[in-house]
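Comments concern the structure below.
The values are calculated or read from the model by the stated rules, or taken from the named source; none is laboratory data. Everything quoted here is computed from the prediction, not taken from an experiment. Positions of Cβ are backbone-derived with ideal geometry, glycine not excepted, and every protein chain shown enters the neighbour counts.
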Amino acid sequence: MNDLHSLYRRLEVPVSRRAMLRASAGGFGFLGLAGLLAEESGLLASPSGNPLAERPPHFKPRARRVIFLFMHGGPSGIDILDPKERLTRDHGKPLPIERPLAFDDENPAGPLMQSPWEFRPGGQSGLPVSDLFPHVRDCADDLCVIRSMVGEGVDHGAAMLQTFTGTSTFVRPSMGSWVVYGLGTENQNLPGYIMIKPALSHGGAKNWGSAFLPGAYQGTAVGHGGLYVKDVRKEPIRYLLNERYSPELARYELDMLQNINRRHRQLRRHDPELEARIQAFELAFRMQAAAPEVFEVEKESEPTRKLYGLDDPLTADFGWQCLLARRMAERGVRYIQCTHTYMPGGVGWDQHGELYAKHTENARQVDRPIAGLLKDLKGRGLLEDTLVIWAGEFGRTPVSQNGDGRDHNPYGYSIWMAGGGVKGGIAYGATDEFGYHAVEDRMHIHDFHATMLHLLGIDHEKLTYTYGGRNFRLTDVAGVVAHKILA
Amino acid sequence: MLALDDSLDLKMGGTLQSGTGYQPENSNERLSMDPETQRLRTIYLPLRRANLPPLLALFDFGDATTSSGERLQTNVAPQALFMLNSQFVETRSRKLAELLLKDPGSDDRERLNLAHLRTLSRHPRGEEVDRALDYIRGFEERSPGDESRLQGWQSYCKALLSSNAFIYVD
């Protein structure tokens, strides 16, 4: 079709029979192929040519957006969400089962270690949460705790890569990229996929990269984990701000550019790329005018800022991230991550030693902000269609290490979800009596991805992209939706 | 773009390795190489396959872990923001403008000729000349100051560098 069109436009002479046949045959062939591809993925149709245009899901979604609260380092599920009486009873005794592959064999495992924290029932549901998270415990009735997560990586790099991309070994599109590839985004003046202060370590940019998906689907970083919030705020997104020109002068320059571009296009009408790039500049101009507003967290009311813990230096960093995430969610950003990582002055959740002191410090930094986020989303009616996920890359072992720490454990660990179509106040799945292996309703990372996509209205088996001669999925050839947790 | 304003470093050999490389890979201080600050040819750009610079990813750089038969081409607003607001494009357009204004003996038409030859490999067409010179004068009026003339030319150079005519080869 395109070829035929351009032949008429470009040549403005009668078309030969041969050219006509060739162009129309190619045209019809292409129409068929496009139809086939659209059917295959069910989502790709984007009449505007804008890769981020909003697209209908496969079926009615329960969640329209995701806020992923990533706890870098591996928080200990058995100290937060999965109480184990056996550990208390047999504290100090050797592990009576075979120990699976561990990360750190230079510091051999010690005996079973009880949790230093008390668990208490929260909310009406009585869902137990430990004293590490008293504020989150107040929101227990909204939490869907998954106690049976399973991954394959025993080291941070592999485990994070799998958490974010589904594979622990290759560079593949990240889950946020798959989501915006599938659904586009609601607000064209903001990026559709935003990573707030992402960790540069353990995989760095590939954890929010688009790999072989088009670059339009990569995550946009707001600063990185090594920066203080005050520095992130100076230039929250690279290239977003034009500090050299007034808006009027910037428009004057852009008008010149578009003038050049439009004259150029007039002579080359057959190429839709030219118009697409003209529109990309207009969108960029709108974006630089509209996007800074989302970062004006200081305009929030005093009670709101306090709710997120912005009044306390200990919670101000993660509180800022969570409040920013709510502002982005409100404005139609599809996928947002807040990151608690090895931040300046912080230690991350990787407690091979000093579990009590360091987990306490980490939890205090995030507990109030997370509870604030859940309450605020709920109060604004946003929790209904926002899926909030709290997770690390793995959990920690029931046996001690270095006396008072725990090693990595990807064989059975806990995360939670809230809002966006999941049941509240429940615990799904179970680990063995030590909390080492998931034994009931195991949720492999592939299953987790399948379930997240399902909540967004996407069939994970149909969300495919053809690359290198075959179709790829976020869930590879695996993934089972956990229907039991759907509200 | 580096070549246009004579900034491309044609030296053979050397490396664009960032830092000394002794920081651990998992350090939050270790950013991947920033192509924005470099002037050597791309062949000397080391790629950490596992950690591609975001700028390259922005412009659909290929997957560095497998062979790819075809590069993707997307056209999105963040790429346009790079052209509008990045330090790299700011520096390139300024250097080009400085080069055009270097010779006080030449007149503005000759300068414009040079600008178009360098960026688009052709002379400006009749009405383009008046429009460009009007634009530069207009910019100077809108942004008065010591550097307004340089800034006017810089702005026009930036428009040329951002234009479809510059990016797409017919």
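Quick rundown of the values:
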quantity: Filter result for A:Leu474 (surrounded by 23 or more Cβ atoms within 10 Å (Cβ to Cβ) and touching a strand residue (DSSP E or B) at 6+ places or on another chain (Cβ under 6 Å)); calculated: no
quantity: Residue in segment A:248-264 that is within 11 Å of chain B (Cβ to nearest Cβ), surrounded by fewer than 23 Cβ atoms within 10 Å (Cβ to Cβ) and in a loop (DSSP other than H, G, I, E, B) present; calculated: no
quantity: Any chance A:Pro173 is within 15 Å of A:Leu474 (Cβ to Cβ) and within 11 Å of another protein chain (Cβ to nearest Cβ); calculated: yes
quantity: Some residue of segment B:96-103 being modelled with pLDDT of 95 or more and within 12 Å of chain A (Cβ to nearest Cβ); calculated: no
quantity: Matching residues in segment A:325-366 - criterion: being touching a strand residue (DSSP E or B) at 6+ places or on another chain (Cβ under 9 Å) and of a type in the set (S, T, N, Q); calculated: A:Gln337, A:Thr339, A:Thr341, A:Gln351, A:Asn362, A:Gln365
quantity: Any chance A:Lys423 is over 30 Å from A:Lys93 (Cα atoms), touching a Cys at 6+ places or on another chain (Cβ under 7 Å) and modelled with pLDDT of 95 or more; calculated: yes
quantity: Enumerated strands (runs of 3 or more DSSP E) restricted to segment A:431-487, each holding at least 1 residues that are away from every other protein chain (no Cβ under 14 Å) and over 21 Å from the mean Cα position of the chain (by Cα); calculated: A:438-440, A:470-472
quantity: Selection within segment A:106-157 - polar (S, T, N, Q), at pLDDT 95 or above and either over 26 Å from A:Cys322 (Cα atoms) or in contact with a strand residue (DSSP E or B) (Cβ under 8 Å, 6 or more places away or on another chain) (or both); calculated: A:Gln114, A:Ser115, A:Ser125, A:Ser130, A:Ser148
quantity: Selection from segment A:176-227 of residues that are charged (D, E, K, R) and either at the interface with another protein chain (Cβ under 10 Å from one of its Cβ atoms) or touching a Cys at 6+ places or on another chain (Cβ under 8 Å) (or both); calculated: A:Lys197, A:Lys206
quantity: Tally of residues being assigned to a loop (DSSP other than H, G, I, E, B) and either facing chain B (nearest Cβ under 7 Å) or closer than 19 Å to A:Met195 by Cα (or both) across segment A:228-243; calculated: 11
